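Some notes on the structure that comes next.
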Amino acid sequence: MATLEIKDLRVSVATDDGPKEILKGVDLTVRAGETHAIMGPNGSGKSTLSYAVAGHPKYEVTGGTVTLDGEDVLEMSVDERARAGLFLAMQYPVEVPGVSMSNFLRTAATAVRGEAPKLRTWVKEVKESMKELEIDPAFAERSVNEGFSGGEKKRHEILQLALLNPKIAILDETDSGLDVDALRVVSEGVSRFRASGESGVLLITHYTRILRHITPDFVHVFAGGRIVESGGSELADQLEAEGYVKYTGAAEAAGV
Amino acid sequence: MTAAVDKPHSHGAVVPEASRAEWFTSYDVAAFEVPSGREEIWRFTPMKRLAGLHTGAEASGAASVEVDAPTETTGITVETVQRGDSRLGAAGVPADRVAAQAYSSFTAATVVTVAKETQVATPVTITVTGPGAGKVAYGHLQVRAERFAEAVVVIDHRGSGVYADNVEFVLADGAKLTVVSIQDWADDAVHVSAHHARIGRDAVLRHTVVTLGGDVVRISPTAAFADKGAEVELNGLYFADAGQHFEHRTFVDHAVPNCTSNVVYKGALQGDGEGDTAAHTVWVGDVLIRAAAEGTQTYELNRNLLLTDGARADSVPNLEIETGEIAGAGHASATGRFDDEQLFYLQARGIPEDQARRLVVRGFFHELLMKIQVPEVRERLEAAIEAELEAVGA
Ligand SMILES: Nc1ncnc2c1ncn2[C@@H]1O[C@H](COP(=O)(O)OP(=O)(O)O)[C@@H](O)[C@H]1O
Ligand SMILES: [Mg+2]
């Protein structure tokens, strides 16, 4: 059973005024079969946590450990982490001009699976996943994320999740900017991924509405670069009613 | 590339010191002064590495020119002609001293003619092999596409030595000519070449320059419209390594109404080094829309991808517009470092770094490669780009 273990994680970014500490000791364990929601106000460090775990070079880990099934994740390169079974659905997926989605997906699947998927089954697999996510087949020939709307980008992040089938998936505000329809499609995609029970999900969100589609086993409140409270799904209801004011001292709605 | 700022706008490009309309041209080398290197048109070129092409170097060898025309087609004529042939010089007049030196110095010219209304599907390949290390040669080539002829011509430059030449493309009314000029020279080679295209009514020229090898390569393609309704695409792809100087100077002369031009040059630079040992590329894109050229549509774009520190790409679009009655004119130029966010994204999907870099570079050139409609040429270029990337282990 896969386990992602984050212990006392401290992360800084370089700024014009020198390094700035953003994560101030994060402790979190995500096991296969579990869904954890991380909720927090804007700027609390949620994306920093996901980027740091994925290995983005801009974020410097200054303390703590991250392990996947006991293996030191922080020692691994970005691609090694992905091949080890970590996946990050990004808040702002990157455009890669001139590289077709189909070429990208196949290259990624080949890397993660350790061998090129058989062409016939692969084509079928991609087609079915695209259909489930209500993605027009024409997207396969377009450049990765180039000119995609926000919703189209997010659907494609979940498409990659489905095809790469990681041990632990971190979804960074996958729900942000989605209309009701897209939210349903994307949530169903995440639910299908969860259904195997063999993967863990860390669902990062600002709002509670996605949690009506995907019920988390644990909810963590993130503020000021740390987890400040943890509980069950009832904590999300409380956040919906009260917002983050209790944790930040400032009024910021968590509802809708 | 996100590191770069795109500046598309329809006016406000730098106007060159002397209007392109007033540039001096002559077939005679003696009519040009020896350039010092400080002149606008030479200021980027490392004159010391030109092996005297600009100071009157005499030929000490000869380049070989072999034409391989598809055997199944009639309608292609290949001739070797002497200097006096009245057809020579029809597409344009040399506009710099080295081009004039080449025009004054070649002994025999190759003329390839595609007969009227002939359609040739298989490319005609013209292989130009340099005179050999330490030798200087001059040459002249003319490709003629008669009325409504359609053909693809690949000019393949390879080998060693110093070579200056003029290449002419004469397109009669309604002709469609696709040209791919590949400069895949050995490391020592110096090649200074002026391409002149004269494009007839409703004719279409798709001209692609691919520069991959050589010490100094400087190609100046000029396209001039002879009559209305014609179209030209000037495309370029270059990949410079440490120590290489690749310079491309395009000029589209809109002197007649209702013609379209599109210039797209893209380059990648890599390799450590400083000064003369760094990779250096230059693109200067002149477009002149003369007063008579109403209804002109033109766009030019240059993009450079710096794969390593130290490489230098100069990019200078010059747009001169002498009439207000144009359909559209614009340009964009951007030089950027390799985009780390793209790399991160691909790696975050398990793709190893070297493979991710290659994907991004291939993607960068993709739009240009897609313009090359001849599969065997496109495949060869893809392989060449691949080889360039392998060479530095990028
Ligand atoms: N590269 C950076 N340079 C400076 N500050 C940064 C950088 N990245 C993030 N930050 C700061 O770190 C804090 C957390 O950002 P982020 O992780 O994006 O928050 P969230 O995802 O919770 O909205 C913010 O105050 C943000 O401004
Ligand atoms: Mg965020």
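The values are calculated or read from the model by the stated rules, or taken from the named source; none is laboratory data. These numbers come from a predicted model, not from an experiment. Positions of Cβ are generated from backbone atoms using ideal geometry, with glycine treated the same way; all protein chains shown enter the neighbour counts.
Looking only at segment A:39-81, filter to residues that are of a type in the set (A, V, I, L, M) and closer than 17 Å to residue A:224 by Cα; which one of those is nearest to ligand 1 (Cβ to nearest atom)? Before you say what the answer is, go through the steps one by one.
Applying the first criterion (of a type in the set (A, V, I, L, M)) to segment A:39-81 yields A:39, A:49, A:52-54, A:61, A:66, A:68, A:73-74, A:76, A:78.
Restricting the remaining residues to those that are closer than 17 Å to residue A:224 by Cα gives A:39, A:49, A:52, A:61.
Numbers: A:39: 10, A:49: 7, A:52: 9, A:61: 14 Å.
Checking each candidate, the answer is A:49.
Scanning segment A:147-160 finds no residues that are crowded, with 19+ Cβ neighbours inside 10 Å, more than 24 Å from residue A:22 (Cβ to Cβ) and at pLDDT below 95. Quick one: in segment A:154-185, which of the residues that are away from chain B (no Cβ under 14 Å), on the phi < 0 side of the Ramachandran plot and assigned to a loop (DSSP other than H, G, I, E, B) is farthest from ligand 2 (Cβ to nearest atom)? The extreme case among them is A:179. Within segment B:166-180, not a single residue is in contact with a Ser or Thr (Cβ under 7 Å, 6 or more places away or on another chain) and among the acidic types (Asp, Glu). Are any residues in segment A:198-215 within 16 Å of ligand 2 (Cβ to nearest atom) and either charged (D, E, K, R) or within 18 Å of residue A:164 (Cβ to Cβ) (or both), and if so, which ones? Correct list: A:202, A:203.
Per the conditions (1) within 16 Å of ligand 2 (Cβ to nearest atom); (2) modelled with pLDDT of 95 or more; (3) buried (at least 23 other Cβ atoms within 10 Å of the Cβ), the sole criterion not satisfied by residue A:225 is (3).
Yes/no per residue for (1) modelled with pLDDT of 90 or more; (2) in a helix (DSSP H, G or I); (3) polar (S, T, N, Q):
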position	(1), (2), (3)
B:309	no, no, no
B:313	yes, no, no
B:323	yes, no, yes
B:330	yes, no, no
B:346	yes, yes, no
B:376	no, yes, no
B:382	no, yes, no
B:386	no, yes, no
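Residue B:321 falls short on exactly one of the conditions (1) farther than 15 Å from residue B:266 by Cβ; (2) crowded, with 20+ Cβ neighbours inside 10 Å; (3) in contact (Cβ under 8 Å) with a residue 12 or more places away in the chain; (4) not assigned by TED's automatic domain parsing to the domain that holds residue B:266, and that condition is (4). Strands (runs of 3 or more DSSP E) fully within segment A:15-129 that include at least 2 residues being surrounded by fewer than 19 Cβ atoms within 10 Å (Cβ to Cβ) and within 14 Å of chain B (Cβ to nearest Cβ): A:96-100.
Hey, among B:40, B:66, which residue is within 17 Å of residue B:140 (Cβ to Cβ) and either touching an Asp or Glu at 6+ places or on another chain (Cβ under 6 Å) or exposed (fewer than 15 other Cβ atoms within 10 Å of the Cβ) (or both)? Spell out how you get there, then give the answer.
On the way: B:40 fails: within 17 Å of residue B:140 (Cβ to Cβ).
Just a single option satisfies the conditions, and that option is B:66.
Which numbered condition trips up residue A:139, out of (1) more than 13 Å from chain B (Cβ to nearest Cβ); (2) over 17 Å from residue A:96 (Cα atoms); (3) in contact with a helix residue (DSSP H, G or I) (Cβ under 7 Å, 6 or more places away or on another chain); (4) more than 16 Å from ligand 1 (Cβ to nearest atom)? Failed condition: (2).
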